[in-house]
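So the structure is just underneath, and the comments pick up after that.
The values are calculated or read from the model by the stated rules, or taken from the named source; none is laboratory data. For clarity, every value in this text was computed on a predicted model and none was experimentally measured. Note that we place each Cβ from the backbone using ideal geometry, even for glycine, and neighbour counts take in every protein chain shown. The area values use the complete protein model at the heavy-atom level, side chains included, leaving out ligands, DNA and RNA. Shrake-Rupley method; radii C 1.70, N 1.55, O 1.52, S 1.80 Å.
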Amino acid sequence: MKSILFLFLIIISITSCTDEAEIVNNNTFEINSISNQNSFLYDTVTVHGIGFNSGEIVIVSISDEFAYQVVHHTNTEFTFVPLTILEDSEIALIIGADKTNSIPFEVNLTPNYDTTIVESGEFMMGSITGFSDETPVHKVNITNELIVFSHEVTNLLWHQVMDSIVVALEMRNYPKDSISWNQAVAFANRMSTIYGLAPAYMINGNQVDFDYSSNGWRLPTEAEWEFLCKGDFDTDFSGTGNINEMGFYDSNSGLNKHKIGEKNANDNGLYDVHGNLWEWCWDFYSPSYYSQNSQENPTGPSDGTRHVVRGGSYQDGFNYARSTNRSIKKFDLKSIGLRLVRNAN
């Protein structure tokens, strides 16, 4: 009995002295996780696992051909950049005759963004308790069902669409600021082109013409913005009606912008319509425009020098974040971002 026990202890001792890395490299080749299962073109993706350093690695998809560029790989990481889209698929790694387990993975045209559908309808535009340019109050009919960005455009989406620069991880979900109106319409057109939609704007230098019937992404008109902001209630602040629960303004923001979606959504499922960043509208600004305003799908004055911004920002008082407040560009663009809409039909 003692001899058997002694032999058993010897086997355990030999096993414990064996090089763990050798076991991994010779017998195990598998994926444990992936950095981003819902990726986008030209993202940087890392597959985590073991046994990756024993030779040239090839990625295979279970559904479609997949193009990519290898960045680097070690025993535990394989990093690559996707070059083609991949829908609802899985990938695996191959070294020689060995193949890993597969893991769900898809590649979209751009980083993900959330949208909500808002039905057409009538509302009362303006306010009798606001500034003089918010009067007279008048009925407006929005005849188009709209698909609307639930959040302001993020740093990640903006830079991937416009210039593909690397955005620091901690800044990705902050709204993109410091945007000029011309940059905003250029971004909208580029989004439309990427997704195969008809661009809403014809841009020739500083001259921009607007096709309101287009199905492409665009800035909301000033009337659409107020309609989307108010939701089911004609109040200064939508959603809960409490500005501190709905958005960031000078008294609760620490005078800094915040990540998207940290406050409540309004009745239309839209976040940060009050505060955080101003949002560009299509319309030229005119303080007397409401006295001339048509009642169906108004698109603003035919000409002007400055465009409307709506919603207030983290560095402005709560009065500017009201649903009916109308403003124009500040001296700088630091607190201005955008939200896109498009016609649903």
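In this view, the solvent-accessible surface of Thr235, computed with a 1.4 Å probe and all protein chains in place, comes to about 60 Å². Among Lys263/Lys330; Lys99/Lys176; Lys139/Lys334; Lys139/Lys259; Lys230/Lys330, which pairs are too far apart, with a Cα-Cα distance over 30 Å? From the list (Lys263/Lys330; Lys99/Lys176; Lys139/Lys334; Lys139/Lys259; Lys230/Lys330), the Cα-Cα distance tops 30 Å for Lys99/Lys176; Lys139/Lys334; Lys139/Lys259.
In order along the stretch 337-345, the Karplus-derived 3J(HN,Hα) couplings, from 6.51 cos²θ - 1.76 cosθ + 1.60 at θ = phi - 60°, round to x, 7, 9, 9, 9, 7, 5, 7, 9 Hz, and Gly and Pro are given as x.
Computed in the context of the full set of protein chains, the accessible area of the chain at 1.4 Å probe radius has 50% of its extent on carbon or sulfur. Report the Cα centroid-to-centroid distance between the stretch 58-91 and the stretch 129-187 in angstrom, as an integer. After rounding, the separation between the Cα centres reads 33 Å. Shape of the stretch 159-295 from the C-alpha gyration tensor: oblate (a/c of 1.5 or more and a/b not above b/c, with a ≥ b ≥ c the square roots of its eigenvalues). Each Lys or Arg adds one and each Asp or Glu subtracts one; over the other residues with Cβ under 13 Å from the Cβ of Leu270, this totals -4. Let a ≥ b ≥ c be the square roots of the eigenvalues of the Cα gyration tensor of the stretch 120-234; is it rounded (a/c under 1.5), or, if not, prolate (a/b larger than b/c) or oblate? Because a/c hits 1.5 or more and a/b exceeds b/c, the stretch 120-234 counts as prolate. Quick one: net charge around Phe284, please, counting Lys, Arg +1 and Asp, Glu -1 for every other residue with C-beta under 9 Å from its C-beta. Around Phe284, the charge tally is -1.
Can you tell which of Asp303, Asp177, Asp234 shows the greatest fluctuation in a Gaussian network model of the chain with Cα springs below 10 Å? Between Asp303, Asp177, Asp234, it is Asp303 that shows the largest mean-square fluctuation. A cut-off under 15 angstrom between Cβ atoms defines the neighbours of Gly196, and their net charge, with Lys, Arg +1 and Asp, Glu -1, is +1. Under the combined filter of DSSP loop state and at most 15 neighbouring Cβ atoms within 10 Å, the stretch 120-209 retains these GluC sites (Glu not before Pro): Glu145.
When nucleic acids and ligands are ignored and a 1.4 Å probe is applied, Glu87 ends up with an accessible area of around 130 Å². Simple point charges give the picture: +1 on the Cβ of Lys and Arg, -1 on the Cβ of Asp and Glu, and for the stretch 196-263 a dipole about the Cα centre of about 340 debye.
The largest accessible area among His48, His274 belongs to the first residue in His48, His274, and the rest follow in falling order (1.4 Å probe, all chains).
Per-residue ellipticity at 222 nm, computed for the chain from helices alone with -39500 (n - 2.57) per DSSP H run of at least four residues, works out to -5000 deg cm²/dmol. Across the protein chains, with a 1.4 Å probe defining accessible surface, the residues Lys330, Lys263, Lys139 rank Lys139, Lys330, Lys263 from largest area downward.
From the alpha carbon centroid of the stretch 279-325 to that of the stretch 191-212 is 21 Å. The shape of the chain comes out prolate: with a ≥ b ≥ c from the C-alpha gyration tensor, a/c is at least 1.5 and a/b beats b/c. With a cut-off of 18 Å on the backbone N, the residues of the stretch 314-345 near the modelled label site 7 Å out from Tyr113 along Cα-Cβ are 336-345. For the stretch 76-202, the relative contact order comes to 17 percent (Cα pairs under 8 Å, sequence separation of at least 6). Per residue, the chain exposes an accessible area of 48 Å² to a 1.4 Å probe, with every protein chain left in place.
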